[in-house]
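Only one structure is covered here, and it is reproduced in the block below.
Readers should treat all values here as calculations from the given coordinates under stated rules, not as data from a laboratory. Just so it is clear, the model here is predicted, and its values are computed rather than measured. Ideal geometry is used to build each Cβ from the backbone, glycine not excepted, and the neighbour counts take in all protein chains shown.
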Number of protein chains: 2
Amino acid sequence: LARLIFVGKRGGRPSVSQSDINTQLVSFAREGATVIRLKGGDPSIFGRANEEIATLNAAGIAIEIVPGVTAATAAAAALQKSLTDRGRASRVQFMTAHGPSGEMPDDIDWAALSDPRATTIVYMGVRTLPLLTERLREHGLIATTPVIVVENAGSERVRCLNSTLGDVAEALPVFAPEGPCVVLIGAALGD
Amino acid sequence: LARLIFVGKRGGRPSVSQSDINTQLVSFAREGATVIRLKGGDPSIFGRANEEIATLNAAGIAIEIVPGVTAATAAAAALQKSLTDRGRASRVQFMTAHGPSGEMPDDIDWAALSDPRATTIVYMGVRTLPLLTERLREHGLIATTPVIVVENAGSERVRCLNSTLGDVAEALPVFAPEGPCVVLIGAALGD
C-alpha cells in the first residue's frame with residue numbers, strides 16, 4: 001500500500017517549495033516509511049538532487065539513486081536524431097534559462113554556448129527563448145542554425161517545433177506549448 | 001526466438017566496423033527480421049546513432065528509438081551527486097577525448113571546457129586524461145577542482161576514483177581501470 005503525494009512544479013502557479021519537500025522526505029523516512037522521490041527525467045540534471053541528498057545525509061537517512069532518462073535524450077529519441085555527430089558536434093551542453101528568480105541566469109558563459117560545433121539543450125527555456133536567441137546571435141551563432149522545441153519529451157503527447165535561431169522566437173507563440181519543453185540548438189540537428 | 005550478434009567496441013582490440021554494423025542492420029531488416037540495435041547508455045550521446053539512422057532511412061526501413069540512461073547520469077547516481085548545482089554548476093557539458101583516430105580531437109573548445117562553473121563529463125577519456133588535465137590547467141582551471149573517474153557506470157561492477165585535476169593523472173595507473181570509464185570534472189562534485 002503506497003500513499004501518493006504530488007509535489008511537482010507547476011509552471012507559473014503555486015507549487016510545493018523545495019524546503020517543504022526536503023522536510024517531508026525526512027519526516028516520512030523517520031516514521032519508518034520507504035520513501036520514493038519520483039522525478040520526471042533524471043535527478044542529476046537540473047533536478048535539484050543535491051539539496052535533497054544533503055538534507056537526507058544530514059538526517060542520517062540512507063538513500064539510493066536510480067538514474068533516469070533526461071529530457072534531452074528523450075527529445076533526441078523522439079526526433080530520431082543524435083545530439084553528437086562526428087564532424088558536426090563534438091560537444092553537448094545542457095543549460096537552464098530559468099534562474100532562481102525565473103529570469104535568465106546572469107552567470108552564463110555565452111562564448112561556450114555560441115560554439116557552432118556544440119549541440120546545446122536548454123531546460124526550462126521557453127519563457128526566455130527570445131532573449132536567449134538574441135544573445136546567441138550577438139555572440140556569432142548564425143541565424144540558420146537549427147532550433148527544435150520539444151514539448152512533453154518522453155511522453156505520448158510529445159510535440160515538436162522545427163525552426164531556426166533566427167525564426168524560433170516568432171514561431172513559438174503559434175506553437176503555443178503548454179507542457180514542459182526542452183529547446184535543442186545546433187548544426188548537428190539539421191538534415 | 002532471437003539471434004544475438006555481438007558488435008560492441010572493445011578498447012584497443014579489433015572490433016566490428018561501423019559500416020559492417022550498418023550493412024547488417026539493413027540486410028537483416030530486409031530479410032523480414034525485427035532488428036534491435038542494443039547499445040550501452042543512450043544512443044544520442046557519442047553513440048554514432050546518426051550513421052545508423054541515415055543508413056536505415058536511405059534504405060526505407062522504419063525505425064523507433066528508445067532512449068537510455070547515458071553514462072554521465074548513471075555515474076552521477078552511483079556517486080549520489082548531482083551534475084548541476086544552484087550556485088556551483090549552471091551548465092553541464094559532455095565531450096569525448098577520443099577522436100576518430102583514437103587521439104585527442106583537434107577541434108576542442110578549451111575555453112568552454114575550462115569554465116569553473118560548468119560540470120564536464122568526458123566519454124572515452126581515460127587514455128588521453130593526462131593531456132586533458134594538462135590542457136584544462138593551462139586554460140585556468142585550478143588544480144584542486146574535483147575529478148572523479150567512474151568505471152562500469154550503471155553496472156554492479158562500478159568503481160570510482162576520487163581525485164583532483166592536479167592529481168588524477170598520477171592516481172589513474174594505480175586505479176587501473178579495465179572497463180569503460182567516464183571522467184567527471186567540476187566544483188559541483190566536491191562536498
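Quick notes on this structure:
- Counting DSSP beta bridges with both ends in the protein assembly as shown, the antiparallel % (nearest 5): 75
- Contact order for chain A, expressed relative to its length and based on alpha carbon pairs under 8 Å spaced 6+ residues apart, stands at 19 percent.
- Per-residue 3J(HN,Hα) values for segment B:80-86, derived from phi via the Karplus relation 6.51 cos²θ - 1.76 cosθ + 1.60 with θ = phi - 60°, read 6, 10, 8, 7, 10, 7, 4 Hz in sequence order (x marks Gly and Pro).
- Kirkwood-Stokes translational diffusion coefficient of segment A:7-97, alpha-carbon pairs, 4 °C, 1.567 mPa s, µm²/s: 83
- Rg over Rh for segment A:78-126 works out to 1.03, both radii taken from alpha-carbon positions and Rh defined as the Kirkwood radius.
- Candidates A:ILE53, A:ILE148, A:ILE45: whichever shows maximal mean-square fluctuation once chain A is modelled as a Gaussian network with Cα springs under 10 Å: A:ILE53
- Cα centroid of segment B:158-191 to Cα centroid of segment A:161-191, whole Å: 37
- Sorted into 10 angstrom bins from 0, the C-alpha pair distances of the protein assembly as shown split as 5, 22, 32, 26, 13, 2 percent.
- Within segment B:14-57, all pairs of alpha-carbon atoms sorted by distance into 10 Å bins from zero give the percentages 25, 58, 17.
- On the principal axes of its alpha-carbon atoms, segment A:104-190 has extents of 35, 28, 23 Å, going from largest to smallest.
- Calculated over chain B: convex hull of Cα atoms, volume per residue (Å³): 141
- Percent of C-alpha pairs per 5 Å bin, segment B:52-142, short to long: 3, 11, 17, 18, 17, 14, 9, 7, 4, 1, 0
- Put simply, the amide H of A:THR119, placed in the peptide plane, has neighbours under 5 Å in A:ARG91, A:VAL92, A:GLN93, leaving out anything fewer than 5 places away on its chain.
- Local net charge near B:GLN18, Cβ-Cβ under 10 Å (Lys/Arg +1, Asp/Glu -1): 0
- Relative contact order (%) - segment A:5-104, alpha-carbon pairs under 8 angstrom, separation at least six: 18
- Relative contact order (percent, whole number), segment A:102-167, Cα cutoff 8 Å, 6+ residue spacing: 27
- Partner shielding of B:114-121 amounts to 3, given as the average count of beta-carbon atoms from other chains within 10 Å of each residue beta-carbon.
- Chain A: most fluctuating residue of A:VAL69, A:VAL168, A:VAL122 per GNM, C-alpha cutoff 10 Å: A:VAL69
- The local environment of A:VAL168, defined by Cβ-Cβ distances under 13 Å, has a net charge of -2 under the rule Lys, Arg +1 and Asp, Glu -1.
- 30 Å Cα-Cα reach of A:LYS9 towards lysines, excluding residues that sit fewer than 8 places from it in its own chain: A:LYS39, A:LYS81, B:LYS81
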